[in-house]
Amino acid sequence: MKLRHLFAATAITLCAGPVAAQNFQLSHNAAAGNPKAVASERFAELVSEKSDGRLNIDVGGAAQFGDDSETLTNMRLGTVAFSANSQGATSAIVPEMALLGLPFLFQDLDQAEAVMDGPVGDKIEAAAEVQGLVVLAWWNNGIREVSNSRGPINTPADLAGMKIRTPPDPMTIDIFTALGASPTPMAFSELYIALQQGVVDGQENPLINIHSSKLYEVQPYISMTAHKYESTPLLASKIIMDTMSPEDQQIIREAAAEAAELNRQMVREQTVSLKNEMENAGVAFNEVDTAPFIEATQPVYEKWRAQFPELLEEVVAAAQAASQ
């Protein structure tokens, strides 16, 4: 009886043939060579390797599959599977994520990673899942600086009335409003042309983004304000993840974690090397006394504390603990 069952099961398996491959899309907005772009390609390679080619991911960089906000909508509808997205765009859907970008919260990447990899990150991940987004891993985008076409930014007064492009991110908008600038939300894919044509006077981004998208070609001044940190949440559509077997979900998560190591290492290395490269290209850098900037942005904490009193205090406490 057992042998008959075995032969029957074998016959069914042979008739069924190999499991069909599954194809997915991963969207991001970065240029080639950016740590986000390189880690996205590595993530796709690892998923293919770990699944023996059953799971294939087509990576669309430079907003090929849509900008960050559009991609998030498509992920929640289940039409795009993955995205190396941005903290700013995602926080429009998961406002808790915006707290990672509180002004001057983190002094370095180690401190930020310790908070994201701990209980605070767990809580934000839970909030994202309610909105149909699964945080697979916390990648880095880096510490953000200000570039502009007018001159060095040394005090908040230098930003007065200046049109600064920001992502469509409430936290960044609040920061630059508090600093006296005129924040102008705009998709990253539109930024180079806007700077070139003088639609905006400046922008704020980590050095890795300023370099890879060649923003320094039309922005001769970079001020090292270090005003906020930005993560790159690697996201999955919950609708699509829920269709996967537990084994395939584990493959996806393992690949995301391994690609995170590459991303984080590249952000550290490029932040140093690209500053030197842009200086050699003629960009004028200036260091900034952050004290008056910190003072000017205190109202941002009060505004967000009113919305998330407990979580904000937990984020701040975790940041302080990670700095010790």
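Read-outs: derived from the displayed coordinates by stated rules, not from any lab. Since we're looking at a predicted model, the values are computed, not measured. Neighbour counts run over all protein chains shown; Cβ positions are idealised from the backbone, glycine included.
Which of the helices in the chain meet the span-like rule: DSSP H, Cα axial reach of 18 Å or more, Kyte-Doolittle mean at least 0.0?
2-16, 309-322
How many nm is it between the label spots at N154 and T243, if each spot is 7 Å from the Cα in line with the beta carbon?
The answer from the label model is 5.9 nm.
Which of K123/K303; K36/K163; K214/K303; K214/K238 have a Cα-Cα distance over 23 Å?
K36/K163; K214/K303; K214/K238
For K275, which aspartates and glutamates qualify as cross-link partners when the Cα separation must be under 20 Å and same-chain residues fewer than eight apart are set aside?
Once the sequence-local aspartates and glutamates are set aside, what remains near K275 is D108, D110, E145, E204, E217, E230, E287, D289.
Please compute the net charge surrounding Q298, taking Lys and Arg as +1 and Asp and Glu as -1 over other residues with Cβ under 13 Å from its Cβ.
-1
How charged is the neighbourhood of N140? Take every other residue with its Cβ under 10 Å from the Cβ of N140, and add Lys/Arg as +1 and Asp/Glu as -1.
+1
Shape call for the range 184-324 from the C-alpha gyration tensor, a ≥ b ≥ c root eigenvalues: rounded (a/c under 1.5), prolate (a/b greater than b/c) or oblate?
It is oblate, given that a/c is not under 1.5 and a/b is not larger than b/c.
Evaluate E = 1/(1 + (r/R0)^6) for E129 and A284, where r is the Cβ-Cβ distance and R0 equals 35 Å; express this FRET efficiency to the nearest 0.05.
Calculated value: 0.20.
If I model a spin label at E277 and A306 as a point 7 Å from the Cα along the Cα→Cβ vector, what separation in nanometres do I get?
The answer from the label model is 4.4 nm.
Rounded to the nearest 0.05, what FRET efficiency do I193 and D108 give with R0 = 45 Å and r taken as the Cβ-Cβ distance? Could you check?
My answer for the efficiency is 0.85.
Modelled label-to-label distance, Q265 and Q64, 7 Å Cα→beta-carbon offset: nm?
In this crude label model, Q265 to Q64 measures out at 2.5 nm.
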